[in-house]
Amino acid sequence: MKRKLLNVVLCVAVTASMLAGCGSSNPQDATVKEAPEEAPEIQEDETVQQAPEESAAYNIGYTCPTLNNPFFVGMMEGAQKAAQERGITLTMLGGDNDVTKQVQQVEDFISQGMDAIVIQAVDTTGIVTAVTQANDAGIPVLTTAETPTGGDILCAISFDSYESGFNGGTYIAQTLGEKGKIIELQGVMGQETSREKSRGFAEAIADYPDMEILASQPADYDRAKAMSVMENMLQTFDEIDAVYAANDEMALGAAQAIEAMGKSSEIFVMGNDGTDEALEAVSEGMLGATNGTPGYIQGYIAIDIAVRHLNGESVPKVINEKNTVIDKTNLDQADKILKAVSEEDWYWLDQF
């Protein structure tokens, strides 16, 4: 819990050129005016700063479960882009999948006098204490993905985790001709997102009487754990037709285990998120599909809505995000599906 926190601090004037990424070879000493082609690899315990050109209008704190997962790194990049465009200071932290650490991060945001706080909770119940503290301090709280079970939330930016799981189950069933045996790799089952994805997946498969879920086992959204779990599944079951993983990291770990056993042509693997590496794996045939839940756009929306509120605009209580299955048939549209945030793509304004 005492590990260094990752701080991504962006201070860019409203009149500055739009930036699309973060980082330089020495980010603490440089003012970045053009984004690199690829985002730098960021570790949970690193501190990354960009020097301001002039004071920003608002300070916003954002805590998410971890920044060691490509999905949340993408979310950070989307939030950064929105912050850079709007000339605000963004501090973004990863919580090491520890709600106690997230509570402390929110308390720090409060003591720092943040103008708004965005939370993607590790635990929707455990974070309530922090939400109510922010409420008492008069700081608006927005959430992405999961919505806390208590406290006053200004706006919940949420994708439908149940729908993600249901999409996965339906797609796999149809791909297999409505008949087959499946392994499900679940996320962190203490998290609402994981539970809802699993529930949606199970209910989708239940619609197909000739489909069977051989086993459902958590692998904590971790590639190495998923690889180990899949190795055990391959030894336990003689016949496996498909694997559904609740995120792309687990799907890639499962695919590696399957490839090592020489069964890549026999077992269809589907992930969830639409990370860059997963899209590449779909292109190469290592993964059959991924259900794109665009973290990049999620982060962008959170900052956009926070700034609109701080500027005095009325905002909705809920913003519903999109998710879209991506396979080889629409792979060429993946970038627009997952990262389109130009003004003409602001679909969430239709929900105001």
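The values are calculated or read from the model by the stated rules, or taken from the named source; none is laboratory data. On a predicted model such as this, the values are computed, not experimentally measured, just so you know. Cβ atoms come from the backbone with ideal geometry, glycine included; neighbour counts cover every protein chain shown.
For Val141, which of the numbered conditions (1) within 21 Å of the chain's Cα centre (by Cα); (2) surrounded by fewer than 24 Cβ atoms within 10 Å (Cβ to Cβ) fails to hold?
The one condition Val141 does not meet is (2).
State all residues of region 144-182 that are more than 23 Å from the chain's Cα centre (by Cα) and buried (at least 23 other Cβ atoms within 10 Å of the Cβ); if no residue qualifies, say none.
The answer is Ile182, and nothing else.
For region 129-144, check the following and say yes or no: at least one residue is assigned to a loop (DSSP other than H, G, I, E, B), under 24 Å from Tyr244 (Cα atoms) and not hydrophobic (A, V, I, L, M, F, W, C).
No, region 129-144 contains no residue that is assigned to a loop (DSSP other than H, G, I, E, B), under 24 Å from Tyr244 (Cα atoms) and not hydrophobic (A, V, I, L, M, F, W, C).
Could you give every pair whose Cβ atoms fall below 9 Å, whose first residue belongs to region 209-235 and is within 13 Å of Ile258 (Cβ to Cβ), and whose second residue is of a type in the set (Asp, Glu), counting only separations of at least 6 or pairs across chains?
From residues that are within 13 Å of Ile258 (Cβ to Cβ), the pairs are Ala226/Asp220; Ala226/Glu249.
Checking the conditions here, which among Val341, Val307 is in contact (Cβ under 8 Å) with a residue 12 or more places away in the chain, over 17 Å from the mean Cα position of the chain (by Cα) and crowded, with 16+ Cβ neighbours inside 10 Å?
Working: Val341 fails: over 17 Å from the mean Cα position of the chain (by Cα).
Matching residue, one of Val341, Val307: Val307.
Each row is one residue, and each column tells you yes or no for (1) in contact with a His (Cβ under 8 Å, 6 or more places away or on another chain); (2) assigned by TED's automatic domain parsing to the domain that holds Ile267; (3) within 29 Å of Thr63 (Cβ to Cβ).
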site: Thr149; (1), (2), (3): no, no, yes
site: Tyr171; (1), (2), (3): no, yes, no
site: Gln174; (1), (2), (3): no, yes, no
site: Met211; (1), (2), (3): no, yes, no
site: Ala224; (1), (2), (3): no, yes, yes
site: Met233; (1), (2), (3): no, yes, no
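Looking at region 238-254, which of the residues that are closer than 17 Å to Lys181 by Cβ and touching a Leu at 6+ places or on another chain (Cβ under 8 Å) is surrounded by the fewest Cβ atoms within 10 Å (Cβ to Cβ)? Break it down into steps so the answer makes sense when it comes.
Looking only at region 238-254, we keep the residues that are closer than 17 Å to Lys181 by Cβ, and these are 238-245, 254.
Narrowing the set further to residues that are touching a Leu at 6+ places or on another chain (Cβ under 8 Å) leaves 240-245, 254.
Numbers: Ile240: 21, Asp241: 19, Ala242: 22, Val243: 28, Tyr244: 31, Ala245: 33, Ala254: 29.
The residue in question is Asp241.
Would you confirm whether any residue within region 178-198 is small (Gly, Ala, Ser) and free of Cβ contacts under 8 Å to residues at least 60 places away in the same chain? Quick ask: steps written out before the conclusion?
First, the residues of region 178-198 that are small (Gly, Ala, Ser): 180, 187, 190, 194, 198.
Keeping just the survivors that are free of Cβ contacts under 8 Å to residues at least 60 places away in the same chain gives 194, 198.
Looking for residues that are small (Gly, Ala, Ser) and free of Cβ contacts under 8 Å to residues at least 60 places away in the same chain, one finds at least one in region 178-198, hence yes.
Residue check: is Tyr208 at pLDDT 95 or above and among the aromatic types (Phe, Trp, Tyr)?
Taking the combined requirement at face value, the residue satisfies it.
When region 204-237 is examined, which residues are found to be surrounded by fewer than 19 Cβ atoms within 10 Å (Cβ to Cβ) and of a type in the set (D, E, K, R)?
Asp207, Asp210, Glu212, Lys225, Glu231 - these are the residues of region 204-237 that are surrounded by fewer than 19 Cβ atoms within 10 Å (Cβ to Cβ) and of a type in the set (D, E, K, R).
Could you check Lys336 against (1) more than 21 Å from Glu77 (Cβ to Cβ); (2) free of Cβ contacts under 8 Å to residues at least 12 places away in the same chain and say which number it fails?
Looking at each condition in turn, Lys336 falls short on (1).
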